[in-house]
Each structure stands twice: as C-alpha cells, then as structure tokens.
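Nothing in this text is a laboratory measurement; each read-out follows from the coordinates by a stated rule. Since the model is a prediction, treat every value here as computed from it, not as a measurement. Cβ sites come from the backbone with ideal geometry, for glycine too, and all protein chains shown count toward neighbours.
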C-alpha cells in the first residue's frame, strides 16, 4: 500500500493535535473548537452537512479498508481556485472540489478533520499521485487519454468548458478564441486549456504555475486574455468585482470533464468512488454540495454519469 497509508494512523494523530490548520501546502482542515457554527468538525458537525459513515466494512486488503482503518486520507486540491478550491480564513481550502473530496472521505468513515489537504497544481497532479504524495486528487482535473496513461480517474463528477476572461470593458474587442492568433494569453503550463489555445488557435502562451498568477498580467495589459475552464474564470470574476469579465458571457469552446485522480490500476477504489458519486447524485447530496460552494455564483448543473471504463 502506498506510503501515505502506512503513515495514516500517525498522520491522524498529528492532525488531531493541530486542529487549527497548518501552512499552505499541507494543512489540517479542522476549525477552532469554539466556532460552534458548523465550520469545522470539533462540534461534531460536518462543514458541508455530510454524514460520516460509522465503522464502514470493506474487504480486507483493499484501499478502502486501509483508509477506514487509518481514519485519515490525503487529498490533493488547488488552493487558488475560487468556488472550487480556495484557502479560507482558517488556512484550510474550501469549495466544490473540497466538498467532493470530503464526500468520498465520509463514505470511508473519515471525518472532515481526518483529511490532510495538499496543495496540488496542474503540473504536479500525476506526479503527486504516482509518488504517493496524495491518495487522490480532486482539483479541477480534466479527464483525458494522455493522463489515463499515468493515473486512473473516477467520475466525471462535473463537466466544465474552456472560456476566456478579459479586462472589464473588453478593451481588445475579443469575441472568441479565433481572435487570439499571435496574441499573448495567460494559462497554466501543462494544462489542457493552455495546450488547446496554442494548438488550435495559435495564441502566444504566457505560462504560469497557478491561474491566480494570471490576474496581474491581465490587469497590467501584459496579456489580452486568460483562458481556463469557465467555472474557474467565473470565480475570479466574482472575487474581483469590476475588474474582469467573461467573453461572450462565458460561452465555452471545449468540454472539460472533471474527474478524481487515483493510483493507476486500483479498480476497486475507482469503482467505490464511482458508486459514491452516483449515490450522491440520486439522493441530492451532490446538488447540496454544489449549492453550498460554486452554486453561490453558478446554476446547479446536471451532473454527468461516471465513465466506468
């Protein structure tokens, strides 16, 4: 079993002692006990209102059994994505991806304060999974064939689409990706949107390692647009009122199915996650998680059927 699991019991003990969170990159998600407002688990309430399964039973030797026994899990997510994975005031990330990760953990019998959140950017997601830095990745992670060579995916649990964000007032008059040939456009190096805007539309990529690092270049006119998934850009527009806008009201020009990345070949764990997602669609938990997070800005979508490849 991977290294994170062998350290699981010790990690959980450390998390219990560091209830107020750690530094960005490796942080406990437990809120201060005196909060009493459902923002943490010290009061016994899950921050997203999920019920944690008590003493779940799994076949011996499975990944699920190891997690349940350890009582902890390490989940990779982004720390700079409004609505999906953004570090909150207590130092722990929050958003739809965080909520989905905590859903999987809850079905494994792991409370929210048993999750260790590891900052995971676009360029290191496969590496983190392969090296055992994380046990799974929930980080606006588009499923594609190239990535399936390195890791496995459960889901998709949401389908986004690539869009464009420009400065408020759209000073360059950009109407779509066709207007970006030869123009400087910011996106994250190694991401699907970065490759697509260069390969299909001949834009000049101004690369970075995190989408939040594209905001100042757009403010300063160093780039004419930022491109990534519509939901990520909508979060930046909402977070920076009056500074940015979406081209064509966020019209998308690709399909980006978000999946949960896990170690390649762990078919039992992938099946378990897919079963959990489908159950959450049917009983309304997924819609509730969306409405508490990304749904504060975006309409509730029709969630996709997991691809059980």
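Some points to look at:
- Beta bridges from DSSP with both residues in the chain: antiparallel share about 60 percent, rounded to the nearest 5.
- Extended-chain gain in nm, criterion 0.36 nm per residue less alpha-carbon gap, residue 268 and residue 181: 26.8 nm
- Neighbour-count order for 198, 98, fewest beta carbons within 10 angstrom listed first: 198, 98
- Helix 8-17 and the longest principal axis of the Cα set of the chain meet at an angle near 80°.
- Cα gyration tensor category, rounded, prolate or oblate, for segment 199-239 with a/c compared to 1.5: oblate
- Prolate/oblate/rounded call for the chain, Cα gyration tensor, a/c under 1.5 rounded: prolate
- Highest average packing first - 289-297, 113-121, 178-186, Cβ atoms within 10 Å: 113-121, 289-297, 178-186
- Tilt relative to the chain, helix 230-239 - C-alpha long axis, 0 to 90 degrees, to 10: 90
- Of all DSSP beta bridges confined to segment 162-250, the antiparallel ones make up roughly 50%.
- Residues 236, 67, arranged from fewest to most other Cβ atoms within 10 angstrom of their Cβ, appear as 236, 67.
- Shape call, segment 162-250: gyration tensor on alpha carbons, a/c limit 1.5: rounded
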